[in-house]
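The values are calculated or read from the model by the stated rules, or taken from the named source; none is laboratory data. Every value quoted in this text rests on a predicted model; they were computed, and no experiment measured them. Neighbour counts run over all protein chains shown; Cβ positions are idealised from the backbone, glycine included. The accessibility values were calculated without ligands, DNA or RNA, using every heavy atom of the protein model including side chains. Shrake-Rupley method; radii C 1.70, N 1.55, O 1.52, S 1.80 Å.
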Number of protein chains: 2
Amino acid sequence: MQGTEHDHLRQMLTHVQFDPHSTIFHEAEDADYVFNVTSGSVKLYKLLGDGRRQITGFLFPGDFLGLALNATYSYTAEAIEPVTACRFPREKLEKLFDEYPRLEKRMLGMAVDELAAAQDQMLLLGRKTAKEKVASFLLMLARRQEHRGEESGMIHIPMSRSDIADYLGLTIETVSRTLTQLRKEATISLKDNRHIEAVGIDMLEDLAEGL
Amino acid sequence: MQGTEHDHLRQMLTHVQFDPHSTIFHEAEDADYVFNVTSGSVKLYKLLGDGRRQITGFLFPGDFLGLALNATYSYTAEAIEPVTACRFPREKLEKLFDEYPRLEKRMLGMAVDELAAAQDQMLLLGRKTAKEKVASFLLMLARRQEHRGEESGMIHIPMSRSDIADYLGLTIETVSRTLTQLRKEATISLKDNRHIEAVGIDMLEDLAEGL
DNA sequence: CGTCTAATTGATCGTGGTCAAAACATGTGG
DNA sequence: CCACATGTTTTGACCACGATCAATTAGACG
């Protein structure tokens with residue numbers, strides 16, 4: 001009996017794939033599914049009426065997606081690198097919570113963590129200089145990479161300069177200039193424009209905290 | 001039996017008061033309590049090493065506070081106007097969730113709503129102009145006032161220019177200049193510097209959405 | 001190689017920040 | 001009620017960080 005229930009819910013859980021630049025879901029669309037990224041990377045963004053874009057977050061393997069309980073998604077999700085994800089119908093979520101009560105607590109915990117991250121990002125967007133923003137961004141990438149065990153002394157940057165700019169509230173030119181500035185100050189070492197060797201992590205940390 | 005359990009938990013729920021400018025809790029402090037604001041208004045903020053401040057949100061009667069499940073608060077909470085709040089020990093929260101299972105779902109719903117608001121604020125901080133920021137801020141105040149039934153055609157602004165500036169990622173001078181600009185364009189009408197008559201709500205809405 | 005897009009670099013501009021002073025508000029004691 | 005002190009908001013003059021516009025260089029792919 002527990003088995004059939006379990007199997008029934010497992011059936012709902014399908015794997016899906018997305019090519020780079022393809023949209024996983026759109027802002028204001030009916031939030032029919034929740035996702036769990038298993039490989040690749042994703043950007044989340046919101047748009048203003050005239051096309052200005054703010055990227056509100058990046059997702060990597062292990063991250064949840066679409067945990068909006070509202071009727072519609074509050075942002076657009078788009079694949080950066082080829083993405084595979086587990087998809088689960090949102091309307092079945094209640095049933096899933098009933099079967100795995102601890103899941104709801106984990107969900108709340110994740111939402112709270114995301115909220116704290118969002119507040120850090122507000123501090124970054126509202127009060128940090130371009131240099132501090134870029135330093136914070138590189139640190140964020142390094143820490144999340146480390147957190148999921150992809151350590152290698154090298155920071156992998158899957159997203160374009162344009163994505164970085166729209167994440168930090170800057171332009172691509174300022175991002176580029178700031179990276180070359182950090183390179184000239186020997187804080188970082190650009191291997192190629194998708195791989196950075198972070199020479200002075202502690203210098204980045206000081207920059208990020210505004211010290 | 002249900003009665004005694006209920007009473008036991010009710011005992012934990014005490015009312016507390018805070019004077020203006022007094023701190024309800026500090027960032028990085030042990031998160032021992034959660035709060036529910038019953039009157040007054042609260043600001044939440046984070047600081048950088050050199051004192052730069054970002055206000056991440058304002059709270060009004062009915063709003064929850066401290067729903068961090070982590071060990072420590074991720075921001076400082078400070079009273080703007082005299083505040084009264086219900087306080088509940090965080091370590092008893094699990095017990096409370098067990099007794100009122102629907103509470104945990106509401107909690108998750110609130111966290112998700114706050115997350116959506118945080119993303120809107122990121123868009124504001126990263127991509128809106130000073131004028132759009134101030135317009136969005138006034139709209140936010142008007143809508144939340146309306147939502148809790150304090151409508152009066154007048155927007156009440158409990159916080160100082162300095163608080164507004166640190167919420168919008170601007171300086172007090174720019175906030176002030178922008179308000180006088182909106183006044184000269186007859187979009188708003190300043191009654192005194194804590195009360196604004198919003199003449200052109202639709203003009204504010206267009207400004208806020210970047211149209 | 002040649003084409004196309006992304007990233008860098010350069011020159012100039014403008015929004016919003018900084019510094020300073022004036023206007024205004026609030027409160028206290030004579 | 002006024003004189004004075006303190007703090008907040010507004011206004012003004014000037015400045016700088018990051019944006020814009022434009023040209024060049026570097027990668028990616030057929």
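For region B:96-111, what are the residues that are touching a helix residue (DSSP H, G or I) at 6+ places or on another chain (Cβ under 7 Å) and either more than 8 Å from chain A (Cβ to nearest Cβ) or more than 26 Å from A:Arg127 (Cβ to Cβ) (or both)?
Listed by number, the residues that qualify are B:Leu96, B:Phe97, B:Glu99, B:Leu103, B:Glu104, B:Met107, B:Leu108.
Among the residues of region A:139-157, is there at least one that is near DNA strand C (Cβ under 9 Å from one of its atoms), at pLDDT 95 or above and either crowded, with 17+ Cβ neighbours inside 10 Å or assigned to a loop (DSSP other than H, G, I, E, B) (or both)?
Yes - at least one qualifying residue is present in region A:139-157.
Have a look at A:Lys105, A:Lys131, A:Lys92 and point out the one that is within 16 Å of DNA strand D (Cβ to nearest atom), among the charged types (D, E, K, R) and open to solvent by 40 Å² or more (accessible area, probe 1.4 Å).
A:Lys131
Do any residues in region B:111-131 that are free of Cβ contacts under 8 Å to residues at least 24 places away in the same chain have Cβ atoms under 7 Å from those of residues that are part of a helix (DSSP H, G or I) and not hydrophobic (A, V, I, L, M, F, W, C), where the two are at least six apart or on different chains, and which pairs are they?
Note: pairs meeting the criteria are B:Leu115/A:Glu114; B:Met122/A:Gln121.
Out of all the residues in region A:159-171, which are within 8 Å of DNA strand D (Cβ to nearest atom) and either in the same structural domain as A:Phe58 (by TED's automatic domain parsing) or in a helix (DSSP H, G or I) (or both)?
A:Ala165
Go through region B:108-128 and give me each residue that's under 16 Å from the mean Cα position of the chain (by Cα) and open to solvent by 20 Å² or more (accessible area, probe 1.4 Å).
Passing the criteria: B:Met110, B:Asp113, B:Glu114, B:Ala116, B:Ala117, B:Asp120.
(1) within 20 Å of B:Ala117 (Cβ to Cβ); (2) surrounded by fewer than 18 Cβ atoms within 10 Å (Cβ to Cβ); (3) not aliphatic (A, V, I, L, M): which one isn't true of A:Thr84, the others all being true?
(1)
Considering region B:82-98 alone, what residues qualify as being farther than 18 Å from B:Thr38 by Cβ and either at pLDDT 90 or above or charged (D, E, K, R) (or both)?
Residues satisfying the conditions are B:Arg90, B:Glu91, B:Lys92, B:Glu94, B:Lys95, B:Asp98.
For a quick check of your reading: which strands (runs of 3 or more DSSP E) sit entirely within region A:1-96 and have at least 2 residues that are under 27 Å from B:Met110 (Cβ atoms)?
A:23-25, A:33-39, A:42-47, A:53-59, A:76-79, A:83-89
For the subset of region B:177-197 comprising residues that are part of a helix (DSSP H, G or I) and under 22 Å from B:Gly57 (Cβ atoms), which member is nearest to DNA strand D (Cβ to nearest atom)?
B:Leu179
Any idea which residue in region B:57-75 is nearest to the other protein chains (Cβ to nearest Cβ), counting only those that are free of Cβ contacts under 8 Å to residues at least 60 places away in the same chain, closer than 21 Å to B:Leu124 by Cβ and not aliphatic (A, V, I, L, M)?
B:Ser74
Counting only residues that are surrounded by 14 or more Cβ atoms within 10 Å (Cβ to Cβ), of a type in the set (S, T, N, Q) and over 19 Å from B:Gln121 (Cα atoms), how many does region B:174-211 have?
4
With respect to B:Ala118, determine if the residue is closer than 21 Å to A:Gln54 by Cα, away from DNA strand C (no atom under 16 Å from the Cβ) and modelled with pLDDT of 95 or more.
Yes, satisfied.
Across region B:195-211, which residue is nearest to DNA strand C (Cβ to nearest atom) among those that are touching a strand residue (DSSP E or B) at 6+ places or on another chain (Cβ under 7 Å) and touching a residue at least 24 places away in the same chain (Cβ under 8 Å)?
If we take residues in region B:195-211 being touching a strand residue (DSSP E or B) at 6+ places or on another chain (Cβ under 7 Å) and touching a residue at least 24 places away in the same chain (Cβ under 8 Å), then B:His195 is nearest to DNA strand C (Cβ to nearest atom).
Criterion first (free of Cβ contacts under 8 Å to residues at least 12 places away in the same chain and in the same structural domain as B:Glu151 (by TED's automatic domain parsing)) does B:Lys184 satisfy it?
yes
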